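Heads up: the structure comes next, in C-alpha cells.
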Amino acid sequence: MAIQRLKHGRSVEASTQDAAQVRDTVTGILADVAQRGDAAVAELSRKFDNWEPERFRLSEDEIAACIRALSAGQLDDIQFAQAQVRNFAQAQREAIRDVEVETLPGVILGHKNMPVDSVACYVPGGKFPLVASAHMGVVTAKVAGVPRIITASPPVQGKPNPAVVAAMHLGGADEIYTFGGVQAIAAMALGTQTIDPVAMVVGPGNAFVAEAKRQLFGRIGIDLIAGPSETLIIADDSVDAEMCATDLLGQAEHGFNTPAVLLTNSLKLAQETNAEVERILKILPTANTAGVSWRDYGEVIVVDTLEEMVREADRIASEHVQVMTRDPDYFLKNMKNYGALFLGPRTNVAFGDKVIGTNHTLPTGKAARYTGGLWVGKFIKTCTYQKVLTDEASAMIGSYCSRLCAIEGMIAHGEQANLRVRRYGHKEVPYGSAVPA
C-alpha cells in the first residue's frame, strides 16, 4: 500500500518565518547593542517589553523575594525536577573521559575535557514562562563545571517571573537578568558597560532569538538553533485515539506553528485520532493556540509496515518522537534521525519537557539528521595535546613529516621537521630539502 496522508500540514520549509525580515531586524539590534551597550538594551527593552528597570540584573534581595513568592510545594517540585536533570547530566559527565596513549615508542597523544569559561542560559517568556528551560541550561552547565553561569528571561506581566527566577537560582546561576529577546542575547554575548560577555549562549527562543544565535555563532558558541517545537507520534492499534490525540495536542499548544504528526499502520486509529483531536479541542483551554497548530501543521500519515514507519520517521527527523507500539524498542534499534525518543505509552514528551531528567533543548527543522540536543558535553571542550619523549621518536616522526611537507610544497613546515632530524637524529639535511626515505 502506498503512503496515505489523511491530513496534510505545511512543510518545515514552507512554514519558516519571513527570514529576510527577521534577519534584517536582528542584524540592526545586534549592531545597536554592540555600539551603545546598556543604553541600547534599555531602549529596546522599553520598546519590546515595556520594561526599563533601574538595572536588569536582579539583586540578592529581589531573588529572595521571588523565592518567597512560591509555596513550599512549588519549590519542592522545582527541586525534584532539577535533581532528575542533575542526576542524568552527572552520569553523562562521568562518561566523558580524558585520554592519554603512547601511540608509538616515545610518542604520547592525549586529550583533556575542560568546561568553557562562561555560559549564558536563556529562558523564553512568550505564552509560557518555561521554568524547565532554566533546569536544562543552568543545571547541566553546572554539572559540566562551567565557572560562570548567567541567565536571562523576559519580564512576565511587568515583573520577573518568580518560578523562573527561583529555578535559575536553585540551579546555580551566578547572575540573573530580567530582560529578553535579541537585546538580551546581544548583551550577554557581546557584553555591555555592566555585563561581561560570555563564551557561549544556550537555550530556546522565538525566531528572532534563534536568528540572533545564528548570526553570533562563531563569535560565541551556541547549543543549536531551535525553531518551533515538533512532535511525531508513532503508533499502532495497541493504543487508542484518546492517547494519540492528547499527546499530539500536548505539544501543539506550544505555539501557532508547532508541527504535530501521527504516523501509524492503522487506518482505523488514524481516523479515530482525527475525530478525537476535534473533540478535545472543544474543551481544551489552550485550544486557541493548539487548534491553529493542528489546523496548519498537523499531519496524519498511514503506512503498512514497521520498515515504512522507520523510513518515514527518519525523513521527518522530528524533535520529539513518541513511540506507542507493541515493540517500541524496534524503533530504538532502527531509527537514526530524532531529537529524543519516548518509548511506550507510559512515558510522553511532557515528562521529558518538564521533569524526567533528559534535556528538553533539542534539534528542530530536520537538524536531528546531524546533531543531538543540549547535554553536558556541549559545555565541554575536548582539547588535544602531544608529547615526544625521546630523541629517536622526534627524529623518526620528523623524517615522515619532512617528506609529507615536501609533497605539499610547504617548505617552512618541512624545516620544522628537518631541524628535529638534524638535532635529535644527527643527520645532515640540506635546508629546504626533504629527509630521504
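Residues in segment 270-303 that are hydroxyl-bearing (S, T, Y) and touching a Pro at 6+ places or on another chain (Cβ under 9 Å): S293, Y297. Restrict the check to segment 206-229 and report whether at least one residue is over 26 Å from the mean Cα position of the chain (by Cα) and either farther than 25 Å from A132 by Cα or basic (K, R) (or both). No, segment 206-229 contains no residue that is over 26 Å from the mean Cα position of the chain (by Cα) and either farther than 25 Å from A132 by Cα or basic (K, R) (or both).
Residues in segment 107-166 that are open to solvent by 20 Å² or more (accessible area, probe 1.4 Å), part of a helix (DSSP H, G or I) and over 22 Å from T289 (Cα atoms): K142, V143, P162, A163.
For segment 290-308, the condition holds for at least one residue, the condition being that it is touching a Gly at 6+ places or on another chain (Cβ under 8 Å), assigned to a helix (DSSP H, G or I) and surrounded by fewer than 21 Cβ atoms within 10 Å (Cβ to Cβ). Taken together, the residues in segment 346-366 that are in contact with a helix residue (DSSP H, G or I) (Cβ under 7 Å, 6 or more places away or on another chain), within 20 Å of A313 (Cβ to Cβ) and in a loop (DSSP other than H, G, I, E, B) amount to 3.
Mind counting the residues in segment 261-286 that are over 24 Å from A313 (Cβ atoms), of a type outside the set (A, V, I, L, M, F, W, C) and either part of a loop (DSSP other than H, G, I, E, B) or in contact (Cβ under 8 Å) with a residue 40 or more places away in the chain (or both)? Selection size over segment 261-286: 3. Based on what the data block shows, is K378 outside any helix (DSSP H, G or I) and charged (D, E, K, R)? So K378 fails the test. Could you say which residue among A144, A189, A199, A166 is touching a residue at least 60 places away in the same chain (Cβ under 8 Å) and farther than 18 Å from T361 by Cβ? One residue alone meets the criteria, A166.
For (1) of a type in the set (G, A, S); (2) open to solvent by less than 10 Å² (accessible area, probe 1.4 Å); (3) not in a loop (DSSP other than H, G, I, E, B), each residue gets a yes or a no:
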residue	(1), (2), (3)
Q193	no, no, no
G205	yes, no, no
F208	no, no, yes
A212	yes, yes, yes
Q215	no, no, yes
L224	no, no, no
G227	yes, no, no
D237	no, no, no
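In the set (1) open to solvent by less than 20 Å² (accessible area, probe 1.4 Å); (2) among the hydroxyl-bearing types (S, T, Y); (3) touching a residue at least 60 places away in the same chain (Cβ under 8 Å), the condition left unmet by S399 is number (3). Against the list (1) more than 16 Å from L224 (Cα to Cα); (2) among the β-branched types (V, I, T); (3) assigned by the TED database to the domain that holds V261, the condition I407 fails is (3).
The single condition among (1) within 28 Å of I280 (Cα to Cα); (2) open to solvent by less than 10 Å² (accessible area, probe 1.4 Å); (3) in contact with a Gly (Cβ under 7 Å, 6 or more places away or on another chain) that T258 does not meet is (3). Here T325 meets each of (1) within 18 Å of E272 (Cα to Cα); (2) surrounded by fewer than 21 Cβ atoms within 10 Å (Cβ to Cβ); (3) polar (S, T, N, Q) with one exception, condition (2).
The values are calculated or read from the model by the stated rules, or taken from the named source; none is laboratory data. Just so it is clear, the model here is predicted, and its values are computed rather than measured. A quick note on method: Cβ atoms are made from the backbone with ideal geometry, for glycine too, and the neighbour counts reach across all protein chains shown. Remember, those area values only see protein heavy atoms, side chains included, never the ligands or the DNA or RNA. Shrake-Rupley method; radii C 1.70, N 1.55, O 1.52, S 1.80 Å.
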